Amino acid sequence: MRLLENRLYRVISLIVLLTVLLIPSIVWASEKIEPLVEPQIEQANIILIYGLFLIIAVIFGGLLWAYKANRDVMKSLEQKK
Amino acid sequence: MSKAIGALIIPLIYMVVVLVLGHGKWTKSLRLNIDDFYKVSAGAAFPLVFLGLAGGYHSSFAIPGSMGFVYSHGIGWIANGLWTLFVAGGVMMWLAPRINYLARKNNYLTPGDLVAEYFDNSDGVRIATAIATISFSVGYMFTNVIGPAILISTLTNNLVTYDVACFVIILVVASYVWRAGIRGTMWTTVLQACWMFVVVYVAAAYCTTLVGGIKPMMAAMKEHYIEYLTIPGPKGFLTNVTWFSWAAIAIGLGGALKPVTWSFFYSARKPKEAMKIGYTIPFYLAGIYIPVVFIGFAALLIVPGLTGVSADNSFPKLLYDYAPAWFGGLIIAGAMGAGMSTLDAETNISSCIFISDIYKRYIAPGKDERHYLIAGRWSIVVLAIITYIFTHYRFSIVAIIATLVNAIVALYAPTVILILSKGKLLKSIKITAAGYICGMITGGALLIYLNFISKVSNPLGWHYSAWVLATNVIVMLLVSQFTKGPSVESKQKFEKSIDELYIKSEPEEVSL
């Protein structure tokens, strides 16, 4: 049960954070795309949307990697105690 | 105005996340003692040490200074980067496990602890090392505020002034270093290291798309700017002075053994993990330099003709003219990541050196742990104020200051290498405390002379850091021939520890 709670807590936190980060950014980006005329700028702005997802994925991946590794270290230290 | 406000949204979110990470319960700041405040005594997980050091390694010069460098001098930046990073990685692989093993065994906190112990706990050696290392760190601190602060004021069209940006950056960093020390630094730097790495790639994809893709961009470069595609670059800047004697000696050696890397070597759980830093970190760091070239070239094609400080700011200008405001905000946050991750680690180690090497031993010895912890935190406040004052001088050439402080490492690196060496040839070289101090003084005097007095900073085509290193080594070896060396017990203690490290098959037990 506790495991489930923890996972649920993480998923909810992730969704909240993604929403907080993504919505304003996407709205801002979509507003910017419309008035542009030059095709390269338009394409470049579309790339940014994908880039934003990549940025978020890498940051969360990095933090999760550190968090999990740190948790394992703490557990092994507790056991040694 | 709306574009300026738009550019501020993401940096503000970023600041909040950094504050949460730096103050969170995972930093375990309430159970701290002085040792645990400045290093993770029990040993930190590898991702924390790796990303903590990786993020802190690149100064604010990485974003946007390196793009400006490519804009001005071309692809030779890669040659420079290879020397800078892979020399550093090689030195780390060689020395980091030894530093880690000795530190965990003897409970060192600062570089001075290790060097002084070899010379029978010589006060002169400890103070000389403390002065050199603290000069390095303080010099490096304010350079890492200037870059992001300029970027913020440029991309927000001065809605947030340079002064305000400097103040906020320093305040945020000082707050979490003050509370959680090295743990706050490590956790925030995980975020910062990831952020700046990926944001540079996205920026490169964006910039190359603006000019029609990589292939058309390179074709245009070949047609209009062919001299940017080879060494020494359009201005003849990338000669031996820069890409070998500057990059390899000043930045490479300096980067590997600068004071802040010691605190991460000390915090690694075991020698093998410290060694792993050496062979992984150059790839992370070089990984940032590759997209930088594409950004620099795209900026050159889109906004040509910029010189001096404008050339350094070519990437922010490109963003301001073409990119949506929120993406400018992402880049600001990336630049803040590059600067803040270095600033926090340097603040932490500067405070550590002052408290452990000077305050605890010579100003207020014999006090309890709590006293030193409070003094350490107050020293962080003082360092933050000093940093803020220095940012008002607005040194325009951040890279020169970064090189100058990196050259300081050449004052103690040769001795560290000899102390930690295992080979018979290096072990047979006699070094003494007097030789070490005289080498440092002479090298330091030459560093000041070449930078501030002499009209020729780089004699005979070699960077001043190479001259400083050579002078230091020659004087150290000469003086050592005529002075008394460390005791046999001390030498044997180090030799035995290093031998143990390579004989042991099991990793060192983690001490709590």
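Decide, for the range B:141-200, between rounded, prolate and oblate: order the square roots of the alpha carbon gyration tensor eigenvalues as a ≥ b ≥ c, take rounded if a/c falls under 1.5, and otherwise choose prolate if a/b is larger than b/c, else oblate.
oblate
Report the dimensions of chain B along its three principal axes from the alpha-carbon atoms, largest first, rounded to Å.
Rounded to whole Å, the extents work out to 67, 53, 46 Å.
Can you tell me the 0 to 90 degree angle between the C-alpha axis of helix B:464-481 and the longest principal axis of chain B, rounded to 10?
Taking the Cα atoms of chain B, the angle to B:464-481 is about 0 degrees.
Full-extension gain between B:A220 and B:A286, please, as 0.36 nm times their residue separation minus the C-alpha to C-alpha distance.
This chain segment gains 21.3 nm when fully extended.
Looking at the protein assembly as shown from every direction and averaging, what is the projected area of its Cα convex hull in nm²? Write out the running numbers ahead of the final one.
Values: hull surface 110.2 nm².
Mean projected area of the Cα convex hull: 27.6 nm².
Take each of the peptides B:36-44, B:99-107, B:233-241, average the number of other beta-carbon atoms within 10 Å over its residues, and list them starting from the highest.
Packing order, densest peptide first, comes out as B:36-44, B:99-107, B:233-241.
Given R₀ = 45 Å, FRET efficiency for B:S490-B:W378 by Cβ-Cβ distance, to 0.05? It would help to have the intermediate numbers written out before the result.
Details: r = 34 Å, r/R0 = 0.76.
For B:S490 and B:W378, the calculated efficiency is 0.85.
Can you tell me the FRET efficiency between B:L171 and B:F452 if r is taken as the Cβ-Cβ distance and R0 is 25 Å, rounded to the nearest 0.05?
Computed FRET efficiency for B:L171 and B:F452: 0.20.
Report, to the nearest 10°, how far helix B:369-391 tilts away from the longest principal axis of the Cα atoms in chain B, using its own Cα long axis and a range of 0 to 90°.
Helix B:369-391 sits at roughly 40 degrees to that axis.
Would you please classify the overall shape of the range B:346-495 from the alpha carbon gyration tensor, given that a ≥ b ≥ c denote the square roots of the eigenvalues, rounded means a/c under 1.5, and beyond that prolate means a/b larger than b/c while oblate covers the rest?
Here the range B:346-495 falls in the oblate category.
Output the peptides B:326-336, A:40-50 sorted from most to least packed, where packing is the average of other Cβ atoms within 10 Å over each peptide's residues.
On the way: B:326-336: 27.7, A:40-50: 17.7.
Listed from highest to lowest mean packing, they are B:326-336, A:40-50.
For the range B:185-201, take each phi angle, set θ = phi - 60°, evaluate the Karplus expression 6.51 cos²θ - 1.76 cosθ + 1.60, and give the result in whole Hz per residue in order, putting x for glycine and proline.
Once rounded to whole Hz, the list reads 4, 5, 5, 5, 6, 4, 4, 5, 5, 5, 4, 5, 5, 6, 5, 5, 5.
Which FRET efficiency value, to the nearest 0.05, is calculated for B:L19 and B:S497 with the Förster distance at 45 angstrom and r the Cβ-Cβ distance?
0.65
Whole-Hz Karplus ³J(HN,Hα) for the range A:54-62, in order, using 6.51 cos²θ - 1.76 cosθ + 1.60 and θ = phi - 60°, x for Gly and Pro?
The phi angles translate into 4, 4, 4, 4, 5, 5, 5, x, x Hz.
Let me check against my output: what whole-number percent is the relative contact order of chain B, with C-alpha pairs under 8 Å and at least 6 apart? All intermediate terms of the calculation are to be shown ahead of the outcome.
On the way: 866 pairs, mean separation 163.7, N = 512.
Relative CO of chain B lands at 32 percent.
In this model, which of B:K105/B:K272; B:K422/B:K484; B:K317/B:K455 are farther than 24 Å apart at the alpha-carbon?
B:K317/B:K455
Within the range B:306-344, find all residues whose amide N lies under 13 Å from a label point positioned 7 Å from the Cα of B:K235 along Cα-to-beta-carbon.
Of the residues in the range B:306-344, B:306-314 have backbone N under 13 Å from the label point off B:K235.
Taken together, the values in this text are just the output of simple stated rules run on the coordinates, not laboratory data. Quick caveat: nothing in here was measured; it's all calculated off a predicted structure. FYI the Cβ positions are ideal-geometry reconstructions off the backbone, even for glycines, and counts take in every protein chain you see.
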